[in-house]
Amino acid sequence: MTTNARAGTAERKQEPSARPPLVRELLLVVGLFLVYKLGRQAATGHTAEAFRNADRVWDWERALRLPGEGGVQALLLHDSTLVHLANTYYATVHFPATVLFLGWLYWRRPAHYLWSRRVLAALTGAALALHLLMPLAPPRLLARTGLVDTGRVYGPTVYGASPAHDTLANQFAAMPSLHVGWALMVAVGLIAATRTRWRWLWLLHPLVTLFVVVGTANHYWLDAVVAVAMLGVALAFLRAPGRPGAVRGRARSLVVRSGGGVREPAAGPAAVPVATSGAAR
């Protein structure tokens, strides 16, 4: 019992579990989101520049011999129901999934919540700067790609009919793809914050997201590549907290070693280690 008590005390001391104030966090997250939305709107109106950049990105991809976006879209166009599902995923999963991710971490893994919120803020801030520096028309708007605007043709769509006058969204903010960047961070965050053997399946979320954003012609491959690179930089500078349960094992190990010695009983299902002091006879 003494060993378990010491291990529990060490674990409580080493595992930060205090949640930050909820109201403060809500205001902070909402504030960051509003700043990002307003910043994206400030980048609208650069139509000619956005299409020039789109031509450059399309040429870069061909020079790099990246797979054509049309090959992915062709898989969707085989079935109108699949196209509709992809458009729905693009329109409805991105933001709610990230909010649920942060909410779960806040309640169950406060230390991982703080880390994930900082990484997402850094990634989003860097993306906003790139939106302002490099407005980019998505492939669905670039005629030379030959791609279909699946949202407009099959529905649903979150964009207005006129990109230059869309008051709800900046359609010239394709680079980088925050759909991909946020989805990958959700997967990375959940893998880091959980211990189940199935946690690697969370990588399906960014993979499906990548398939959707390319297949619906909302993003180029390079949009996703840049998003992943920016997330990698953020993760390199903002280190994740320790995996849940790792501190418990280290604490128990330290307590056992500090007991002066351990007597290993015979192997068997009922065998229990017995700590002995230096004065034991």
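None of the figures in this text is laboratory data; all of them are computed from the coordinates on show. Everything numeric in this text was worked out from a predicted model, so none of it was measured. When we count neighbours, we look across all protein chains shown, and the Cβ atoms used for this are built from the backbone with ideal geometry, even at glycine.
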Revision key, fill the gap. Pseudo-spin-label distance residue 30 to residue 143, built 7 Å along Cα→Cβ, given in nm, is 4.5 nm
Practice item. Could you compute the FRET efficiency for residue 65 and residue 207, with r as their C-beta to C-beta distance and R0 at 30 Å, rounded to 0.05? Key: 0.90
Study note, to complete from the structure: Mean shadow area (nm²) of the C-alpha convex hull around segment 83-130 is 4.1 nm²
Exercise for review: Just grab the label-to-label distance for residue 97 and residue 47, each label 7 Å out from Cα along the Cβ direction, in nm (one decimal).
Suggested key: 3.3 nm
Point to revise | At R0 = 45 Å, FRET efficiency that the Cβ-Cβ distance of residue 118 and residue 78 yields, to 0.05 | key: 0.60
Practice item. Return the distance in nm (one decimal) between the two label points of a simple spin-label model at residue 22 and residue 132, each offset 7 Å from Cα along Cα→Cβ. Key: 3.5 nm
Revision key, fill the gap. Counting only residues 5 or more apart in sequence or on a different chain, those whose built amide H sits under 5 Å from that of residue 136 are 173, 174, 175
